[in-house]
Amino acid sequence: GSFDKSIALNLKALELNASDENILCNLGIAYHEKGMINDAIKYYEYANKINSQNPIYLNNLGNAHCDLKQFDIALNYCNKAIELEPNFDDAYNNLSLISFGLKNYSEALNCALKAIGLNSSSAKGYNNYANALCKLGRLEESIAYYTKAIGLDPNYFGLYLNIASTLQDLNKNEESVRFLNHAKNLDPNNKLVYNMLGRAYEALGDTQK
């Protein structure tokens with residue numbers, strides 16, 4: 001795939017310049033996208049060792065440790081990134097994810113709101129905000145924010161699952177089916193989409209779909 005090619009090209013470039021922080025960071029990103037989180041962390045750490053004042057490397061480390069559910073480590077990296085770049089919207093998005101992982105949903109909401117305030121075109125920010133609203137029991141309110149996020153990034157697969165799941169919780173199964181069909185178009189082989197569609201049709205009393 002494209003990330004395998006990216007890894008191969010960057011590894012080759014690294015042979016020519018082992019201390020290029022941009023190459024190291026790019027390798028980290030490529031491994032991260034493949035789900036090889038520990039490899040990603042290794043290269044992010046190399047980049048950060050060369051330049052500890054780049055908030056992007058710190059934020060990437062925070063995001064990777066969050067993916068591993070190492071929330072305390074992740075929190076430390078993201079806070080350091082914000083110290084260096086106070087208007088770093090993606091670091092606030094990561095803080096929202098970390099707070100969510102720690103089940104501090106009010107803080108997750110606040111961090112997502114800060115991210116949106118810094119970047120009003122951040123689909124990730126609106127998604128994080130809506131997720132926190134759901135955990136706080138504000139399901140109806142979350143729908144508008146999921147919808148806003150989809151408008152900003154119509155190919156953000158997870159958004160369709162999030163809004164569909166919330167609509168099912170609100171017993172709005174016909175609307176849920178509409179969003180799940182969008183998700184199916186984006187990823188026709190995703191089993192979770194079909195499971196959710198099955199639940200929606202069952203709730204609607206239509207088992208023939």
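Annotations for the structure displayed:
- The C-beta contact set for the range 185-202 (first residue assigned to a helix (DSSP H, G or I), second residue β-branched (Val, Ile, Thr) and surrounded by 15 or more Cβ atoms within 10 Å (Cβ to Cβ), distance under 7 angstrom, 6+ apart or interchain) comprises Leu197/Val177; Ala200/Val177.
- Selection of helices (runs of 4 or more DSSP H) fully inside the range 10-112 by the criterion of at least 2 residues being acidic (Asp, Glu) and open to solvent by 10 Å² or more (accessible area, probe 1.4 Å) returns 21-33, 37-50, 71-84, 89-101.
So that you can scan it fast, the table gives a plain yes or no per residue for (1) at pLDDT 95 or above; (2) of a type in the set (A, V, I, L, M, F, W, C); (3) more than 13 Å from the chain's Cα centre (by Cα):
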position: Leu95; (1), (2), (3): yes, yes, no
position: Tyr105; (1), (2), (3): yes, no, yes
position: Asn128; (1), (2), (3): yes, no, no
position: Arg138; (1), (2), (3): yes, no, yes
position: Lys172; (1), (2), (3): yes, no, yes
position: Ser176; (1), (2), (3): yes, no, yes
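- Considering each residue of the range 151-159 in turn, none proves to be in a helix (DSSP H, G or I) and charged (D, E, K, R).
- Any hit, the range 173-187, residues being open to solvent by 60 Å² or more (accessible area, probe 1.4 Å) and among the hydroxyl-bearing types (Ser, Thr, Tyr): no
- Residue under evaluation Glu33, criteria (1) under 30 Å from Gly151 (Cα atoms); (2) in contact with a Cys (Cβ under 9 Å, 6 or more places away or on another chain), criterion not met: (2)
- When the criteria are applied in full, Asp4 fails the requirement of being open to solvent by 40 Å² or more (accessible area, probe 1.4 Å), under 28 Å from Ser121 (Cα atoms) and out of contact with any Cys (no Cβ under 6 Å at 6 or more places or on another chain).
The values are calculated or read from the model by the stated rules, or taken from the named source; none is laboratory data. All of these numbers come straight from a predicted model, not from anything done at the bench. All Cβ positions, glycine included, derive from the backbone under ideal geometry; neighbour counts span all protein chains shown. Ligands, DNA and RNA are excluded from the accessible area calculation, which covers all protein heavy atoms including side chains. Shrake-Rupley method; radii C 1.70, N 1.55, O 1.52, S 1.80 Å.
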